[in-house]
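A.B. asks: Can you keep this structure in mind? I'll have questions shortly.
Nothing in this text is a laboratory measurement; each read-out follows from the coordinates by a stated rule. Since the structure is predicted, the reported quantities are computational estimates derived from the model, not experimental observations. Methodologically, a virtual Cβ is constructed for each residue, glycine included, from the backbone with ideal geometry; neighbour enumeration extends over all protein chains shown.
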Amino acid sequence: MPSPEPLVLAVNPGSTSTKLALFRGGEQLWSVSLSIDDVLLAEFRGRPIVDQLELRSAACEYALRARGVSLRSEGPAPPAALAAVVGRGGLLAPLASGTYRVSERMLADLHAHERGEHASNLGAMIAARLAAGAGCKAFIVDPVSVDEWEPVARLSGLAGLDRPALSHALNTKAIAKRYARECGRAYGDLRLVVIHLGSGTTVSAHRDGRMVDASNAREEGPFSMERAGGVPVMRLAELATSPGITFAEIERMLFVEGGVFSYLGTRDLRDVLARVETGDSQAALVLEALLYQTAKEAGAMAAVLEGRVDAVLLTGGMVHSSFVTHSLTRRLQWIAPVHVYPGEDELRALAEGALRVLWRQEAALDYPVRSPAGPNLP
């Protein structure tokens, strides 16, 4: 009899929940989103994200046992034994695209969080914890620090302050490869502008099988539901040097309480759309500005590709809205045909990355493996 397809658990931690999905080979068996109560989450405000590791890991373990997935590392392997646990990669050193083994060096860098705090930093930590209990391998795939940029894309205009490559690389590259499969072409032969619209926005240019430029979703590009994007730098400098203001407060304003939230007090697109329908002119203006800035950034990425673009791809949670997709399609269809991929299939993208290694279609990478185009970091 043929060997059964491997069981792979995908883990995607977000700001208020941890998403899990179990795959047998390419088939998703189940998925669940483990929400964190607002009151409980408030206890962690101002604390390092790693402080949530025990809470989130315990919730994942409970969910797995409730669904009959073994976490035993001793004795004969039961039918529901895991072959691998794969987590979303966080703010690591600049890396080549691929699937990475979770290592002590990786975990130490995530604990130090020198490149910033983000829920994705917990992905490798949770994967390592669950994999140790199950006696299986732990991986991450295409972390947010994937860096395939060319040198010309790095200069910011001020020596010593190069643009860092931080993006929604996992979903962005997975959607680009999905489109390539659907049109019967190789990803490396396509020139694409891919727009990921979620709590943060990434607008990226793809050429020769690489993401050669992208808006940094933490600090530049269009604003999103909760992130400020690129803001006037002199005004920001004035704010940052005001008496009594702290870096943590600035970071929160830009990264957690910016964007649509700063104008309208909500991070829920459905709420914004409902306000627009009732004639709220401020809500209409803010949403129009978000889409305006997104389209303007896409135009910039089309210029990176010298105007030769095969397709514009829209993806992410906001793309479920027909208002959003129609508005962006109207603004962008002059560049190339626009294709829509609602939602974020990041759990499947994670599982597929782990399966490529388990099926020996590609080799697992050891952290850190620098991108050939990336900066020479230790």
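A.B. asks: At 0.36 nm per residue, and after removing the present C-alpha to C-alpha distance, how many nm does the segment from ARG235 to ILE250 gain when stretched out fully?
C.D. replies: 4.2 nm
A.B. asks: Say we join alpha carbon atoms closer than 10 Å with springs in a Gaussian network model of the chain; which of PHE44, PHE23, PHE139 then has the biggest fluctuation?
C.D. replies: PHE44
A.B. asks: Can you report the principal axis dimensions of the stretch 17-141 using only the alpha carbons, biggest first, rounded to whole angstrom?
C.D. replies: Principal-axis extents of the Cα atoms in the stretch 17-141, largest first: 41, 38, 27 Å.
A.B. asks: Based on alpha-carbon centroids, what's the gap between the stretch 344-362 and the stretch 83-155 in Å, whole number please?
C.D. replies: A separation of 14 Å, based on Cα centres.
A.B. asks: Take the alpha carbon atoms of the stretch 170-344, find their radius of gyration, then divide it by 2.2 N^0.38 Å using N residues; give the quotient.
C.D. replies: Cα-based Rg divided by the globular estimate yields 1.08.
A.B. asks: Could I ask something else about it? Mind pulling the per residue volume of the convex hull built on the Cα atoms of the stretch 236-312? Å³ is fine.
C.D. replies: 143 Å³
A.B. asks: Further question: Just the number, please: percent antiparallel of the DSSP beta bridges in the stretch 170-344, rounded to the nearest 5.
C.D. replies: Counting only bridges with both partners in the stretch 170-344, antiparallel ones make up about 55 percent.
A.B. asks: Taking the Cα atoms only, what angle lies between the long axis of helix 53-66 and the longest principal axis of the chain, rounded to 10 degrees?
C.D. replies: 60 degrees
A.B. asks: How much mean residue ellipticity at 222 nm does the chain get from its helices, if each DSSP H run of length 4 or more adds -39500 (n - 2.57) and you divide by all residues, to the nearest 500 deg cm²/dmol?
C.D. replies: Mean residue ellipticity at 222 nm (helix-derived): -11000 deg cm²/dmol.
A.B. asks: Given charges of +1 on the Cβ of Lys and Arg and -1 on the Cβ of Asp and Glu, with all other atoms neutral, how large is the dipole of the chain about its Cα centre, in debye to the nearest 20?
C.D. replies: 780 debye
A.B. asks: OK, next. Compute log10 of I(q)/I(0) for the stretch 79-143 with the Debye formula, placing one identical point scatterer on every Cα and leaving out solvent, at q = 0.17, 0.24, 0.25 Å⁻¹, to two decimals.
C.D. replies: Per q value, in the given order, log10 I(q)/I(0) is -0.52, -0.96, -1.02.
A.B. asks: May I ask you to give the average projected area over all directions of the convex hull of the Cα atoms of the chain, in nm² rounded to one decimal?
C.D. replies: 20.5 nm²
A.B. asks: Report the calculated FRET efficiency for ARG185 and ARG360 (r = Cβ-Cβ distance, R0 = 30 Å), to the nearest 0.05.
C.D. replies: 0.75
A.B. asks: Sticking with this structure for a sec: Return one number: the angle in degrees, 0 to 90 and rounded to the nearest 10, between the long axis of the Cα atoms of helix 122-134 and the longest principal axis of the Cα atoms of the chain.
C.D. replies: Here the helix axis deviates by roughly 10 degrees.
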